[in-house]
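Structure record follows, encoded as structure tokens.
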Amino acid sequence: MKKSNVIYQLSEQSLSQMMSYIIQTKDDKFIIIDGGTENDTAYLLEFLSKLEGYNNIINGWILTHAHHDHINAFMDVISNHKGKINIKNIYYNFPEAAFIQQYEPQYAHTIQEFNALLPAFQDKCTIITDGDKIKFDEIIFDIMSSPDDMITQNAINNSSIVLKMHVDGQSVLFLGDLGIEAGDKILLKYGKKGLKSDIVQMAHHGQNGVGKNVYEAINAKVCLWNTPKWLWNNDAGAGVNTGPWKTVAVRTWMNELKVSHHFITKDGTCKISFPMNLWNKDNDF
């Protein structure tokens, strides 16, 4: 049977929000985006081991930004699972530790831990920036945004690498945890034509990320939500929509934009094969 290029969106293995994607090319190249927390490492490695064509080689591991719920699984692999996985290339671009210490000191420990581990894998690293391209077989990633030290509000989230993946005539936009400021910047830079994508990964787990204006420009038919149940329901413990998060409002935006499909980590790990039928309308939520 002919193989397809696929994306697996992995579900969280704890109560923490996280982000973890495995991309498998039809010729069995494997790419990971982020990977999640240290509580997600075992599931990530087990899931990989069960994929047909996997031979313990990760051709590229892309890290969007230096928050623990995105890169701690990667650091756990480097620290504790060296014999289980062979990572060929690592792609990232993080702000300087001093920048994070100045503007978000409460989260500086993650970049400090990353930098302490860096000598173990530095020879495999490529620092990516706007305009770069990464290619794996037929799949091409355009790097559309990288850290801007002029954006100091919501500093780490706004430093997220933005990737536009091109596969089988379709496009997937990974926004990481991008916030309002960097979201408005990419909208100004690329406009609707440049941002238009078939599939979008919802910024910052679907709440308090980019503005509705950015999603209107992207005009996707498919949304990828790295969103556990409590966050999906904006439930801090007192019931649906009683928490401080903006998920329910963003869900309303997506209904207004007539999105066809929603893949949500609260519902478990999912697989998307390309090319995808974008027009088979899912139920609203």
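Please treat every number below as a calculation from the coordinates, not as lab data. Keep in mind the model is a prediction, meaning the values are calculated, not measured. Neighbour counts are summed over all protein chains in view; Cβ atoms, including those assigned to glycine, are modelled from backbone coordinates with ideal geometry.
Placing pseudo-labels 7 Å out from each Cα toward the beta carbon at H109 and N55 gives an inter-label distance of 4.1 nm. Most tightly packed first, judged by the mean number of other beta-carbon atoms within 10 Å of their residues, the peptides 26-32, 7-13, 238-244 read 7-13, 26-32, 238-244. In plain terms, the chain from L117 to D168 could stretch by 14.7 nm, reckoned as 0.36 nm per residue minus the Cα-Cα distance. Note that region 183-188 has calculated 3J(HN,Hα) couplings of x, 5, 5, 5, 5, 5 Hz, one per residue in order, obtained from phi through the Karplus relation 6.51 cos²θ - 1.76 cosθ + 1.60 (θ = phi - 60°); glycine and proline are x. Note on region 59-89 and region 161-222: Cα centroid distance 24 Å, given to the nearest whole angstrom. All Cα-Cα separations within region 155-270 were binned at 10 Å from zero, giving a P(r) of 14, 48, 31, 6, 0, each value a whole percent of the pairs. Amide hydrogen proximity for S145: with H placed 1.01 Å from N in the peptide plane, the residues at 5 or more positions away or on another chain lying under 5 Å are V162.
Compute the Rg to Rh ratio over region 6-273 from the alpha carbon atoms, using the Kirkwood formula for Rh, and round to two decimal places. Kindly include the intermediate steps, with their values, before the conclusion.
Details: Rg = 17.3 Å, Rh = 18.5 Å.
Here Rg/Rh amounts to 0.93.
Near S171, the amide H atoms lying under 5 Å from its own belong to D198, I199; only residues 5 or more places off or on other chains count, and H is placed 1.01 Å from N.
Taking amide H as placed 1.01 Å from N in the peptide plane, I57 has its amide H under 5 Å from the amide H of N86, each at least 5 places away in sequence or on another chain. Couplings 3J(HN,Hα) for region 72-79, derived from phi with the Karplus relation 6.51 cos²θ - 1.76 cosθ + 1.60 (θ = phi - 60°), are 5, 5, 4, 5, 5, 4, 4, 7 Hz, where x marks Gly and Pro.
Multiplying the residue separation of S4 and E96 by 0.36 nm and subtracting their alpha-carbon distance yields 29.2 nm.
The phi torsions of region 48-62, fed into the Karplus equation with coefficients 6.51, -1.76 and 1.60 and a -60° offset, translate into couplings of 4, 4, 8, 7, 4, x, 7, 10, 6, 10, 9, 6, x, 10, 9 Hz, rounded to whole numbers, with Gly and Pro shown as x. Paramagnetic label reach from N86 (point 7 Å along Cα→Cβ; backbone nitrogen cut-off under 14 Å): within region 37-77, residues 54-60. Each of the peptides 40-49, 16-25, 81-90 was scored by the mean count of other Cβ atoms within 10 Å over its residues; in descending order, highest first, they stand as 16-25, 40-49, 81-90.
Kirkwood radius, region 45-151, all distinct C-alpha pairs, inverse of mean reciprocal distance: 15.2 Å. For region 180-280, chymotrypsin sites (Phe, Trp or Tyr not before Pro) meeting the loop criterion (DSSP other than H, G, I, E, B) and having at most 16 other Cβ atoms within 10 Å: W279.
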